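Every number in this text was worked out from the coordinates using simple rules, so none of it is lab data. Quantities reported herein were computed from a predicted structural model and do not represent experimental measurements. Neighbour counts are summed over all protein chains in view; Cβ atoms, including those assigned to glycine, are modelled from backbone coordinates with ideal geometry.
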Amino acid sequence: MSRDDVARLDRALAGVRYPADKWQLIAHATERDRIKRGLVDERMIRQLWALPAGRYPGLADVLTAAARTARGHPRRDSPHQITG
């Protein structure tokens, strides 16, 4: 994952109340894009969809999971397994 990816995910997920489930992250990013066109791009939505299903305690956990997925690591059932 690039620094650009991290910055875009940070912007798209600004205001999310953690802990949040994967579906909540996707819904939040999609809604932010609907309100502010161009804030969320297709690549970012794909990154969120690629996250392992589960509940994320914070943005750092989302970024860790997204980085693992981008590097081709196998998906895990729980974000807690990724960060723990």
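So the values come out like this:
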{"quantity": "Distance in nm between pseudo-label sites at ALA60 and THR30 (7 Å out along the Cβ direction from Cα)", "calculated": "3.0 nm"}
{"quantity": "Placed amide H near TYR56: partners under 5 Å, 5+ positions off or other chain", "calculated": "ALA20, ASP21, LYS22"}
